[in-house]
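Nothing in this text is a laboratory measurement; each read-out follows from the coordinates by a stated rule. Here the structure is a predicted model, which is why all the values come from computation and not from measurement. So basically every Cβ, Gly included, is an ideal-geometry build from the backbone, and we count neighbours across all protein chains shown.
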Amino acid sequence: MLTALSALATFSAKAQLGFNYSQHDLGLGVSTNQVFGDAEKTTTTLSGNLSYTYNATPFVNYIVELQGGTLKGGDSVEYRSGRQFKNNFIAGSLRAQLQAGEFIDYSRSMLMDILKNVYGSVGVGLVSNRIKEVSRNSNTIPGYYTPGKDKSTEFYVPVKLGYEYKIFNSYNEPSVKIDLGYQVNIMAGENLDGFDAGDRKDIWTQLTLAVKFSIGGVTSHRKPLMRD
């Protein structure tokens, strides 16, 4: 009986001190996109995403993300190659994410408390490309043509750096998270832009702002999530 009471008192103390966190988050966000491929001109476009996060700890996260939007680039008039494209894409990815708070002591330093939310992330993804507008012929070089596919599915490796600002509720639990990150998607193939030219694989970059909401599975961390 005394053991049970002692365990209950310990749990209550931890909850008051801010040890608790949710293991499950749902999020939504918006990204700006640029493609660095075979079209000479980059164009910034928008896409949206939905995500589910499993928090193994508050600072070790596994994210499943679905996104869709438009990728554009090139200029059929300005450049001699005539390359220009519009890709209405759908993509899915799985990433593992590590935040600095997992391995630094942030309990007595305001700077470390701020830096604890910096993260790095890497994973694997699959993108379905649907080229809706494309110019593969040159307007100035007769017979010049760039081959490519109007439909393709490609693997990519997402590498992301960012910051997750945590908003705590009245129980000192992080219930809302604002995530700002820059992601580089390294393509395995050549047809993200609808062109197959050159030896360099396409690269797709994203600047993403997302909001995540805790949805349950409350458990305790080994140390408080807020600075003393």
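Summary of computed values
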item: Theoretical FRET efficiency, 1/(1+(r/R0)^6), r = Cβ-Cβ of residue 155 and residue 207, R0 30 Å, to 0.05; result: 0.85
item: Förster radius 30 Å - calculated FRET efficiency between residue 122 and residue 169 (Cβ-Cβ, nearest 0.05); result: 0.50
item: Mean Cα-pair separation over length for the chain, i.e. relative contact order, pairs under 8 Å, 6 or more apart, %; result: 26
item: Reported label for calculated Cα extents along the principal axes in Å given [x] 89, 32, 27; [y] 47, 35, 35; [z] 57, 36, 34; result: [x]
item: Residue with peak Gaussian network fluctuation, the chain [Cα springs, cutoff 10 Å], from 108, 83, 200; result: 108
item: Debye, to nearest 20: dipole size of the chain, +1 on Lys, Arg Cβ, -1 on Asp, Glu Cβ; result: 260
item: The range 32-88 versus the range 124-151: alpha-carbon centroid distance in Å; result: 16
item: Computed [θ] at 222 nm, helices only, for the chain once each DSSP H run of length n ≥ 4 contributes -39500 (n - 2.57); result: -3000 deg cm²/dmol
